[in-house]
Amino acid sequence: MRYFFKEGAALAAGRVIELDPADLNHAYRVLRLRKGSTVVIANGRDAAFQGTVEEIGPGRGLVRLNGPPLPTAESPRQIILLQGLAKGEKMDQIIRQAVELGVQQIIPVVTERSIARFSESREAGRLQRWRNLVRAAAKQCRRAALPDLSSVHDFNRVLDLLSGRMTVVPWEGEKKFGLDRLLKQPLGEREAVFLFIGPEGGFSPQEIAALTAAGARTVHLGPRILRTETAAAVTIALIQAAWGDLGVSSG
């Protein structure tokens with residue numbers, strides 16, 4: 001069943017929703033949907049409904065929503081991924097997998113060892129590319145909410161966000177405290193988790209000192225050094241399994 005976002009729309013059974021131009025072009029010319037086709041419309045925030053195409057052509061596409069709303073695919077655990085900028089397709093992979101695993105927000109961060117650096121004009125283009133990836137990944141995994149993809153932050157700006165927060169920092173220099181021990185600790189039902197993953201070269205000693213001073217918990221992920229894109233997916237999955245909804249029965 002084809003999936004479309006109508007961001008910010010107030011969805012309800014019986015309402016008629018007009019597809020956005022980009023979605024209309026894809027639906028009509030690529031997917032070749034026709035009157036009577038069944039689709040799903042999500043508002044990018046908190047709701048999704050099945051609907052029936054009532055009209056479609058090169059100029060307009062109308063979908064009548066059917067009730068009740070579809071079950072939500074959103075995790076009960078708010079996870080914010082702070083990702084040290086990685087090169088090229090690595091960031092693309094990290095973003096896609098983070099969305100699939102239920103992250104609510106992704107903040108790209110320039111760290112001391114970040115190889116990727118952007119001019120202002122190039123950053124704007126890259127952010128638009130990443131937001132397109134967020135949208136596509138959210139459609140693929142049937143999320144009603146579109147995760148927020150923030151502008152690129154520098155390291156010091158990020159520190160201000162972490163005070164008093166549960167912040168998890170996988171770090172190859174941590175030898176004693178494993179993520180498994182942290183995940184055995186209880187966490188408040190509404191408490192968010194901030195996960196900070198370093199770039200290809202990892203965090204500098206100065207950055208680790210600043211993070212621990214801000215209250216972050218450094219953890220190790222086992223005996224093997226993981227690539228940044230692997231570390232992000234593995235840690236999100238483990239957090240969701242312990243404190244979220246990964247592997248949780250729906251019954």
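Every listed requirement among (1) aliphatic (A, V, I, L, M); (2) loosely packed, with under 14 Cβ neighbours inside 10 Å; (3) assigned to a loop (DSSP other than H, G, I, E, B) is met by residue 124 save one, (3).
Does residue 240 satisfy the criteria of being among the polar types (S, T, N, Q) and surrounded by fewer than 18 Cβ atoms within 10 Å (Cβ to Cβ)? Against the criterion (among the polar types (S, T, N, Q) and surrounded by fewer than 18 Cβ atoms within 10 Å (Cβ to Cβ)), residue 240 does not qualify.
Annotation: residue 73 fulfils all but one of (1) among the hydrophobic types (A, V, I, L, M, F, W, C); (2) modelled with pLDDT of 95 or more; (3) not assigned by TED's automatic domain parsing to the domain that holds residue 234; the unmet one is (2). Quick check on residue 208: is it in contact with a Phe, Trp or Tyr (Cβ under 7 Å, 6 or more places away or on another chain), assigned by TED's automatic domain parsing to the domain that holds residue 160 and not acidic (Asp, Glu)? Judged against the criteria, residue 208 is a match. With respect to the stated conditions, residue 193 fails to be in contact with a Ser or Thr (Cβ under 6 Å, 6 or more places away or on another chain), on the phi < 0 side of the Ramachandran plot and either at pLDDT below 95 or crowded, with 16+ Cβ neighbours inside 10 Å (or both).
Of the residues 106, 95, the single one that is in contact with a helix residue (DSSP H, G or I) (Cβ under 7 Å, 6 or more places away or on another chain), part of a strand (DSSP E or B), without any contact (Cβ under 8 Å) to a residue 60 or more places away in the chain and surrounded by 16 or more Cβ atoms within 10 Å (Cβ to Cβ) is 106.
In this entry, residue 86 passes the filter for residues that are in a loop (DSSP other than H, G, I, E, B) and in contact with a Ser or Thr (Cβ under 6 Å, 6 or more places away or on another chain).
Would you say residue 207 is in contact with a His (Cβ under 9 Å, 6 or more places away or on another chain) and over 19 Å from residue 106 (Cα atoms)? When the stated conditions are applied, residue 207 does not pass them.
Just one of the numbered conditions (1) farther than 19 Å from residue 89 by Cα; (2) modelled with pLDDT of 95 or more is not true of residue 222: (2).
Of the set (1) over 12 Å from the mean Cα position of the chain (by Cα); (2) of a type outside the set (Gly, Ala, Ser); (3) in the same structural domain as residue 237 (by TED's automatic domain parsing), all apply to residue 55 but (3).
Yes or no, residue by residue, for (1) hydrophobic (A, V, I, L, M, F, W, C); (2) over 26 Å from residue 193 (Cβ atoms); (3) modelled with pLDDT of 95 or more; (4) under 18 Å from the mean Cα position of the chain (by Cα):
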position: 100; (1), (2), (3), (4): no, no, yes, yes
position: 115; (1), (2), (3), (4): yes, yes, no, no
position: 118; (1), (2), (3), (4): yes, yes, no, no
position: 121; (1), (2), (3), (4): no, yes, no, no
position: 124; (1), (2), (3), (4): yes, yes, no, no
position: 128; (1), (2), (3), (4): no, yes, no, yes
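The values are calculated or read from the model by the stated rules, or taken from the named source; none is laboratory data. Because the structure is predicted, anything quoted here is derived from the model rather than measured. Note: ideal-geometry Cβ built from the backbone for every residue, glycine included; neighbour counts use all protein chains shown.
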